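Chemist: This is the structure I want to talk about, given as structure tokens.
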Amino acid sequence: MIAKKVTANAVALVVALFFAFPTYWMVATALKPRSELLTSGYDLIPFSVTNANFTTAWTKPGFLGALGNSLLVSLTAVLAALVVGLLAAVALSRMRFRGRKGFVMVMLVAQMAPFEALLIPMFLMMRDLDLLNRLPSLTLIYFAVTLPFCAWTLRGFVNGIPLELEEAAMVDGCGRWGAFRRVTLPLLGPGLVATSVFAFVTAWNEFLFALSLIRDQDKQTLPVWLSGFQSQFGTDWGGAMAASALFTLPVLVFFLIVQRKMVTGVTAGAVKG
């Protein structure tokens, strides 16, 4: 028994180090002076540490504007997708209607479709509607991209809550909406947190649609702004890594705040549905 635990812990440690190494490499590169970035050897532990790369990233034109655009577009799209996805999840879980299973399969297929396959139809539709180069159109696309995931995931959480709890509340005098608001919705807290984190990461990291639909620099999102560190004269690796580290901070802070509820939600979603 002890040998199995040691082996399992060792394997888990190796896997954790494997996935954490790219993040460590990014931070270590961001802390290195530029004179040491393109040398023949690369030290895993930087002996010369500087904040010049972070200063370059922070003061690069457009950073605060791109940060605000990303926050606005991602948060708006995810909040809208959570509301609509929750309503769809409740309908798919609690109601029985013709075509329900087919609708679930269509939603799953939409979730599996790659972004590259959706780019040309989305671009042509936005062009015909004169919605190119506008942040609301990008928000609408992020909403459409994250909605199937939110509805599919939240459906599993709703299925995990016994219907008898709502029925008992209705027997005590609550209406259907009141029973859902007082009984089901509080129990969906961990599921809403877990779903919102994954949906936010998807919208926050999206690059292809933002690059194709937005032309003005003052409307760029952070992933597109990050590409500005690469030019015809080369790539500023130190600045790019420092900017990438700053780029991950909002998601990291949000994850640290909700990590307990997120772990509960991921575990429940893995066995319910």
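Any read-out appearing in this document is the output of simple, stated calculations on the displayed coordinates, not a laboratory observation. Here the structure is a predicted model, which means the values were calculated and not measured. Positions of Cβ are generated from backbone atoms using ideal geometry, with glycine treated the same way; all protein chains shown enter the neighbour counts.
Chemist: Just how large is the dipole of the chain about the Cα centre, in debye to the nearest 20, putting +1 at every Lys and Arg Cβ and -1 at every Asp and Glu Cβ?
Modeler: Roughly 800 debye, rounded to the nearest 20.
Chemist: Looking only at Cα atoms, what is the convex hull volume of the chain per residue, in Å³? Kindly include the intermediate steps, with their values, before the conclusion.
Modeler: Numbers: hull volume 53.2 nm³, N = 273.
Hull volume normalised by residue count: 195 Å³.
Chemist: Still on this structure, please answer the following. For residue 59 and residue 14 in one chain, what is 0.36 nm times their gap in residues minus the Cα-Cα distance, to one decimal in nm?
Modeler: Stretched out fully, the residue 59 to residue 14 stretch lengthens by 12.5 nm.
Chemist: Okay, next question. What spacing in nm lies between the two simple spin-label points modelled at residue 170 and residue 111, each 7 Å away from Cα in the Cβ direction?
Modeler: 2.6 nm
Chemist: For the pair residue 185/residue 255, report the inter-label distance in nm, with labels modelled 7 Å from Cα in the Cβ direction.
Modeler: 3.0 nm
Chemist: Let me ask something else about it. Taking each full run of DSSP H in the chain as one helix, which ones are at least 30 Å long along their axis (Cα atoms) and have mean Kyte-Doolittle hydropathy of at least 1.0?
Modeler: In the chain, the long hydrophobic H runs are 2-31, 63-94, 135-159, 237-271.
Chemist: Sticking with this structure for a sec: Mind jotting down the distance between the C-alpha centroids of segment 160-232 and segment 75-134, whole Å?
Modeler: Value for the Cα centre distance between the two parts: 13 Å.
Chemist: Quick one: if the Förster radius is 35 Å, what FRET efficiency do residue 132 and residue 52 give, using the C-beta to C-beta distance and rounding to 0.05? Intermediate results must be reported in sequence, preceding the final value.
Modeler: Numbers: r = 38 Å, r/R0 = 1.08.
It comes out at approximately 0.40.
Chemist: Compute the distance in nm between two label points, each set 7 Å from the Cα along the Cα-to-Cβ direction, one at residue 91 and one at residue 159.
Modeler: 1.9 nm
Chemist: Starting at 0 and stepping by 10 Å, how many percent of the alpha carbon pairs of segment 1-128 end up in each bin?
Modeler: 9, 16, 21, 24, 21, 7, 1
Chemist: I would also like to ask the following. Would you mind computing the Rg to Rh ratio of segment 58-175 from its alpha-carbon coordinates, Kirkwood style for Rh?
Modeler: Taking Rh as the inverse mean 1/r over Cα pairs, Rg/Rh reads 1.11.
Chemist: Could you work out the relative contact order of the chain, using alpha carbon pairs under 8 angstrom and six or more residues apart, expressed as a whole percent?
Modeler: 31 percent
Chemist: Further question on the same structure: Determine, from the Cβ-Cβ distance of residue 205 and residue 7 and an R0 of 35 Å, the FRET efficiency 1/(1 + (r/R0)^6), rounded to the nearest 0.05.
Modeler: 0.55
Chemist: Here's a follow-up. On a full-extension model of 0.36 nm per residue, what is the gain between residue 119 and residue 144, subtracting their alpha-carbon distance, rounded to one decimal in nm?
Modeler: 7.8 nm is the gain from fully extending residue 119 to residue 144.
Chemist: Got the relative contact order for segment 118-257 handy, in percent, Cα pairs under 8 Å and 6 or more residues apart?
Modeler: Dividing the mean separation by the residue count of segment 118-257 yields 27 percent.
Chemist: In the chain, once you exclude exposed trypsin sites (Lys or Arg not before Pro) (DSSP loop, at most 14 other Cβ within 10 angstrom), what's the longest stretch remaining?
Modeler: That gives 99-214 as the longest site-free run.
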